[in-house]
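Below is one structure, written out as structure tokens; comments come after it.
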């Protein structure tokens, strides 16, 4: 998921350089959404790993 966030971020930078404002804004928004989803999933898995799935 983080990979796709980086891909969309790079696409938005390239689109902004070439003057495609609408595409740049759309791909930047997708990149932000994917990044925040990644952060949420990471925190949930970290919490589960430290609590429920800890080996005794």
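Per-structure values
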| quantity | calculated |
| --- | --- |
| Test: residue in segment 3-19 that is modelled with pLDDT under 90, part of a loop (DSSP other than H, G, I, E, B) and within 15 Å of the chain's Cα centre (by Cα) | no |
| Test set (1) within 22 Å of residue 2 (Cβ to Cβ); (2) assigned to a helix (DSSP H, G or I) - residue 22 fails condition number | (1) |
| Count - residues of segment 38-52 that are surrounded by 11 or more Cβ atoms within 10 Å (Cβ to Cβ) and part of a loop (DSSP other than H, G, I, E, B) | 0 |
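The values are calculated or read from the model by the stated rules, or taken from the named source; none is laboratory data. Remember, it's a predicted structure, so these values are computed and weren't measured experimentally. Reconstructed Cβ throughout: ideal geometry from the backbone, glycine too, with neighbour counts over all protein chains shown.
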